[in-house]
Amino acid sequence: MNAKKYMREALRLAEKAWGRTSPNPMVGAVIVKNDKVIGRGYHQRAGEAHAEINALKDAGEKTRGADIYVTLEPCSTFGKTPPCTQAIIDAGIKRVFVGSVDPNPAHAGKGLQVLEAAGIETVSGIEKEACDKLNEAFFKWITSKKPFVILKMAMTLDGKIATADGESKWITGPAARQRVQRLRKWCDAIMVGGETVRRDRPGLIVRDAGPDWRQPLKLIATLTMKDKDLLEYFPDGSARAVSPYSPREWHKLMHGLGRENITAVLIEGGGELAAAALNAGIVDKVEFHVAPKILGGKDSRSVIGGENPLSLDQAKYLRDYKLEIAGDDIIISGYIV
């Protein structure tokens, strides 16, 4: 079906802005006339023109009677930019194909209603699953006011993240580490434990970004260090000490980050921090990078710490999980049930 083909192209366009649009969603748009693409556009950065506007500009004066395929329902209200629905109406677009409906309850479906009232045919749900997944962080944030949280851990085949004395570089290979860079690009904040900072002195930055890239906020989970202490490790003042060591504190922290327009948080360990986040119920998705190595050692550090469970019924289950290969390593990801 051509509708799916054009929506998949719109999705590819949207992904070109990976990590650059927060707290806005990634959106792509394709304009088609007589089964030929005449305009393409995507939302390139928060505060700048939306995907539909860029696609209409690309198409020029050929838009009358054309179709537009857009990964997210066009906006119908004034924000930092005028509503896209009016621009679509003024351009003489005949049909609008949408992937995801706006997740904001105050706006959901209203853009489509505005277009239909103007005599424009609308069709929603084209490649919906892929369009929803592209903006899962934005959807979580806009509906719950809390960021989407991914727990990423690198481990050996026997579930170890470091030797007994804390040596952990490098468990996984270059391909898996490059994947971590992509995750860091996607997130607004990275969280690690204080011990990880003291032992490894991680940079916690997006390494292959240009000088204009907005680096993620660094959140250091610690009971002993304050912001001034972190200046020893992050002299630019880019790190913040947090102490979320009860479920209530975790949820309070997430709500606070949401108010700061933090839509996505990447937790990178260690094991005790991972256990605390999981037990607090704030983790949406996990991504474990498993190296084909067996470390052994009863005192080697486990990927998930915390208190001993009393039964297997306390295990965390995943849904929609998948396995991928990155170099020599196996990537296992899925959503917490």
### Task
Specify the residue that is most open to solvent (accessible area, probe 1.4 Å); the eligible residues are those in segment 110-133 that are part of a strand (DSSP E or B) and either of a type in the set (Ser, Thr, Tyr) or within 30 Å of residue 273 (Cβ to Cβ) (or both).
124
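Quick check: is even one residue across segment 217-226 among the β-branched types (Val, Ile, Thr), open to solvent by less than 10 Å² (accessible area, probe 1.4 Å) and in a strand (DSSP E or B)?
The answer is yes; a qualifying residue exists.
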#### Entry: Subset of segment 140-149 (residues that are within 12 Å of the chain's Cα centre (by Cα) and either part of a loop (DSSP other than H, G, I, E, B) or farther than 12 Å from residue 188 by Cβ (or both))
140, 147
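Right, residue 301: among the charged types (D, E, K, R) and touching a Ser or Thr at 6+ places or on another chain (Cβ under 8 Å) or not? Can you show your working first?
Numbers: among the charged types (D, E, K, R): yes; touching a Ser or Thr at 6+ places or on another chain (Cβ under 8 Å): yes.
Yes; evaluated as a whole, the condition is true for this residue.
Which residue out of 271, 237, 281, 258 is more than 28 Å from residue 135 (Cβ to Cβ) and touching a residue at least 24 places away in the same chain (Cβ under 8 Å)?
Details: 237 fails: touching a residue at least 24 places away in the same chain (Cβ under 8 Å); 281 fails: more than 28 Å from residue 135 (Cβ to Cβ); 258 fails: more than 28 Å from residue 135 (Cβ to Cβ).
Among 271, 237, 281, 258, only 271 is more than 28 Å from residue 135 (Cβ to Cβ) and touching a residue at least 24 places away in the same chain (Cβ under 8 Å).
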## Note on the structure
Of the conditions (1) of a type outside the set (A, V, I, L, M, F, W, C); (2) closer than 24 Å to residue 324 by Cβ; (3) part of a helix (DSSP H, G or I), the single one that residue 195 does not satisfy is (2)
### Summary
Apart from one, (1) among the charged types (D, E, K, R); (2) buried (at least 20 other Cβ atoms within 10 Å of the Cβ); (3) at pLDDT 95 or above; (4) closer than 25 Å to residue 257 by Cα all hold for residue 136; the odd one out is (2)
### Query
Tell me, which residue of segment 178-218 that is free of Cβ contacts under 8 Å to residues at least 60 places away in the same chain and acidic (Asp, Glu) is farthest from residue 331 (Cα to Cα)?
212
### Message
Can you confirm whether residue 310 is open to solvent by 30 Å² or more (accessible area, probe 1.4 Å) and farther than 17 Å from residue 176 by Cβ?
### Response
yes
### Query
Can you tell me which of 39, 65, 47 is farther than 27 Å from residue 261 by Cα, in contact (Cβ under 8 Å) with a residue 12 or more places away in the chain and surrounded by fewer than 16 Cβ atoms within 10 Å (Cβ to Cβ)?
65
### Message
Looking at segment 91-109, can you tell me whether even one residue there is closer than 19 Å to residue 77 by Cα, in a helix (DSSP H, G or I) and either open to solvent by 30 Å² or more (accessible area, probe 1.4 Å) or touching a residue at least 40 places away in the same chain (Cβ under 8 Å) (or both)?
### Response
no
### Query
Name the residues in segment 88-103 that are under 17 Å from residue 34 (Cβ atoms) and of a type outside the set (A, V, I, L, M, F, W, C), would you?
92, 94, 95
### Summary
Taking segment 24-36 and the residues there that are part of a loop (DSSP other than H, G, I, E, B) and open to solvent by less than 30 Å² (accessible area, probe 1.4 Å), the one that is farthest from residue 76 (Cα to Cα) would be 26
### Query
Within segment 3-23, is even one residue buried (at least 17 other Cβ atoms within 10 Å of the Cβ), assigned to a loop (DSSP other than H, G, I, E, B), small (Gly, Ala, Ser) and free of Cβ contacts under 8 Å to residues at least 60 places away in the same chain?
yes
### Task
Please state which of the following conditions residue 279 fails to meet, knowing it meets all the rest: (1) farther than 18 Å from residue 194 by Cβ; (2) among the polar types (S, T, N, Q); (3) part of a loop (DSSP other than H, G, I, E, B).
(3)
### Query
When you go through (1) in a helix (DSSP H, G or I); (2) open to solvent by 20 Å² or more (accessible area, probe 1.4 Å); (3) among the polar types (S, T, N, Q) one by one for residue 85, which number turns out not to apply?
(2)
### Query
Which of the residues belonging to segment 308-320 are touching a residue at least 12 places away in the same chain (Cβ under 8 Å) and charged (D, E, K, R)?
316, 319, 320
### Task
Hey, can you tell me all the residues within segment 249-276 that are in a helix (DSSP H, G or I) and touching a Phe, Trp or Tyr at 6+ places or on another chain (Cβ under 9 Å)?
258, 276
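The values are calculated or read from the model by the stated rules, or taken from the named source; none is laboratory data. Only a predicted model underlies this, so the values are computations on that prediction, with no experimental measurement involved. Neighbour counts run over all protein chains shown; Cβ positions are idealised from the backbone, glycine included. The accessibility values were calculated without ligands, DNA or RNA, using every heavy atom of the protein model including side chains. Shrake-Rupley method; radii C 1.70, N 1.55, O 1.52, S 1.80 Å.
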